[in-house]
1. How charged is the neighbourhood of Lys5? Take every other residue with its Cβ under 12 Å from the Cβ of Lys5, and add Lys/Arg as +1 and Asp/Glu as -1.
2. Report the one residue of Ser47, Gln174, Met1 whose Cα lies farthest in the direction of the positive end of the charge dipole of the chain (charges on C-beta: Lys and Arg +1, Asp and Glu -1; origin at the Cα centre).
3. Along Cα→Cβ, 7 Å out, is where each label goes; now give me the distance between the ones at Lys33 and His133 in nm to one decimal.
4. Would you mind telling me which residue in Ser77, Ser27, Ser167 has the biggest mean-square fluctuation in a Gaussian network model of the chain, where springs connect alpha carbons within a distance under 10 angstrom?
5. Pull up the cross-link candidates among the lysines for Lys9, meaning alpha carbon to alpha carbon under 16 Å and not fewer than 8 places away within one chain.
6. Under a crude label model (7 Å from the Cα following the beta-carbon direction), how far is Ser167 from Lys183 in nanometres?
7. At most 13 other Cβ atoms within 10 Å plus a DSSP loop assignment makes a site exposed; report the longest stretch of the chain without any exposed GluC sites (Glu not before Pro).
8. Subtract the Cα-Cα distance of Asn243 and Asn14 from 0.36 nm times their separation in residues, and report this length gain in nm to one decimal.
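Computed from the coordinates by the stated procedures, all read-outs in this text should not be read as laboratory data. Every value quoted in this text rests on a predicted model; they were computed, and no experiment measured them. Heads up, the Cβs are rebuilt from the backbone with ideal geometry, glycines too, and the neighbour counts pull from every protein chain shown.
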Amino acid sequence: MIEIKNVSKSFPQNYQDEHLSILNQISLDIREKEFVSLVGPSGCGKSTLLRILAGLLKPDEGDVFVDGKRIEGPDSSRFVVFQDYVLFPWMTVWNNIALGLKVKKYKKEELHRKVSWAVELVNLKGFEKSYPHQLSGGMKQRVAIARALVMNPEILLMDEPFGALDSFTRMKLQDELVSLCRKKDFTTVFVTHDCDEAVYLSDKVVVFSGSPAQIREIVDIDLPRPRDRTSPEFIGIRNHILNVSCAAGAEGGGTPEKNGEDEGLSNEKPI
């Protein structure tokens with residue numbers, strides 16, 4: 001369903017003429033309804049690739065296709081869930097979730113049906129009239145996920161959506177995401193630094209090397225669901241990915257500020 005062909009991307013360094021290469025000739029195929037996690041050292045370009053898939057950034061070289069059609073920009077069939085929620089503080093839970101439908105001018109009855117479905121799907125029933133400041137971090141992330149799902153995306157792009165949460169809330173939302181993927185048919189591309197999370201959620205884990213990023217290894221996760229984090233098979237796969245990721249980090253990379261993944265180093269700033 002998704003074809004990434006020889007994609008390269010660089011960013012200006014410190015607003016000078018020099019450029020830092022972030023992605024180098026990345027090629028990857030992602031099947032329909034597959035859950036794929038991208039892992040690797042900080043600053044290696046995982047989020048940059050996700051933004052290219054969303055159509056928020058354009059590659060310097062190469063192309064990305066969805067069902068044979070080249071991605072030229074943002075599209076409602078692809079929706080991004082960011083780590084920092086990006087909720088409007090003056091809007092209720094209901095209106096935050098309904099925003100995309102209102103922009104597309106859905107009829108009132110259809111809008112109400114879709115938002116009600118999404119609210120129930122992410123277990124937020126009873127909080128429809130609440131505002132973001134009244135919600136916990138986990139609940140805010142559920143609102144962001146519901147806002148994505150209500151648009152019926154074919155592709156869900158998630159950029160470390162649980163990274164800022166405590167471990168208990170994070171594991172709970174991981175379980176909810178697994179449940180959502182069973183109820184709703186969509187392809188998911190998930191950026192994370194957590195190898196345990198990647199193994200728990202994914203059908204396939206793509207390990208990136210340091211910047212400029214290249215694919216170090218693709219690991220198929222052939223484990224039954226629900227997955228047992230304490231099983232020898234799970235631990236073995238997790239440790240293998242962790243070892244590959246650590247070795248990839250030793251090859252290069254560093255913090256996002258040094259590798260251009262910080263959006264402040266780029267003239268191309270995704271919204």
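1. Computed value for this residue: -3.
2. Positive-most Cα among the choices belongs to Gln174.
3. 4.4 nm
4. Comparing Ser77, Ser27, Ser167 in the GNM, the peak value goes to Ser167.
5. Lys46, Lys58, Lys258, Lys269
6. Those two pseudo-labels are separated by 2.8 nm.
7. Details: sites that count: Glu18, Glu32, Glu72, Glu268.
Result, exposed sites excluded: 73-267.
8. 79.2 nm
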